[in-house]
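Only one structure is covered here, and it is reproduced in the block below.
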Amino acid sequence: APCLMRPLARPKTMWYMLPAPHTPLDPAATPVPPPTPLADDMLACKSVEQLVVAVACFSGYAVPDVVLSARDRLIASLSEAGVELADGAAVEGLLLAQYNELFALPWARENEVWLQVRPETVAG
């Protein structure tokens with residue numbers, strides 16, 4: 001499961017996605033409650049509403065120039081396909097998903113840029 005960050009939002013926020021059984025793939029299944037954080041003042045467990053996102057993958061370090069370049073390429077691809085972004089998706093709504101441990105070698109890092117899109121503009 002990825003670690004998600006909103007890199008352009010202020011303050012920056014980070015989410016750790018909990019894998020199954022905390023987030024079951026079957027919508028009818030009841031999720032197992034998440035563990036209680038040890039530092040209640042710094043961490044909180046919250047459910048996130050379902051998102052419809054477009055994704056661009058890239059490897060290497062997720063430095064600002066690389067992330068923004070991936071975002072811009074994704075926006076251009078979506079525009080060509082007639083897919084519209086949700087309000088604010090390109091800036092404060094930009095999500096960076098990172099899948100590897102902190103000390104992974106650059107060529108082994110898996111990253112994604114997520115942009116929320118308007119579901120009605122996505123071909124089914």
(message) Cβ-Cβ under 7 Å, sequence separation 6+ or interchain: first residue in region 44-65 and hydroxyl-bearing (Ser, Thr, Tyr), partner open to solvent by 60 Å² or more (accessible area, probe 1.4 Å). Which pairs?
(response) Ser59/Trp107; Ser59/Glu110
(message) Take Pro27 and tell me if it is under 18 Å from Ala1 (Cβ atoms), in contact with a His (Cβ under 9 Å, 6 or more places away or on another chain), open to solvent by 50 Å² or more (accessible area, probe 1.4 Å) and not in a helix (DSSP H, G or I).
(response) no
(request) Test each condition in (1) under 24 Å from Pro19 (Cα atoms); (2) surrounded by 15 or more Cβ atoms within 10 Å (Cβ to Cβ) for Val55 and report the one that comes out false. (result) (2)
(request) From Asn111, Asn100, grab the single residue that is touching a helix residue (DSSP H, G or I) at 6+ places or on another chain (Cβ under 9 Å), without any contact (Cβ under 8 Å) to a residue 40 or more places away in the chain, within 24 Å of Tyr16 (Cβ to Cβ) and of a type outside the set (A, V, I, L, M). (result) Asn100
(message) Taking the conditions exactly as written (in a strand (DSSP E or B), in contact with a Pro (Cβ under 6 Å, 6 or more places away or on another chain) and not charged (D, E, K, R)), does Leu96 satisfy them or not?
(response) yes
(request) Name every residue in region 99-124 that is open to solvent by 80 Å² or more (accessible area, probe 1.4 Å) and part of a loop (DSSP other than H, G, I, E, B), in order of residue number. (result) Tyr99, Glu101, Leu102, Phe103, Leu105, Ala123, Gly124
(message) Given the criterion part of a loop (DSSP other than H, G, I, E, B), exposed (fewer than 10 other Cβ atoms within 10 Å of the Cβ) and in contact with a strand residue (DSSP E or B) (Cβ under 8 Å, 6 or more places away or on another chain), identify the matching residue among Val48, Val83.
(response) Val48
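The values are calculated or read from the model by the stated rules, or taken from the named source; none is laboratory data. Owing to the predicted nature of the structure, the values given are computational and were not obtained by experimental measurement. So basically every Cβ, Gly included, is an ideal-geometry build from the backbone, and we count neighbours across all protein chains shown. With ligands, DNA and RNA removed, areas are computed over all heavy atoms of the protein, side chains included. Shrake-Rupley method; radii C 1.70, N 1.55, O 1.52, S 1.80 Å.
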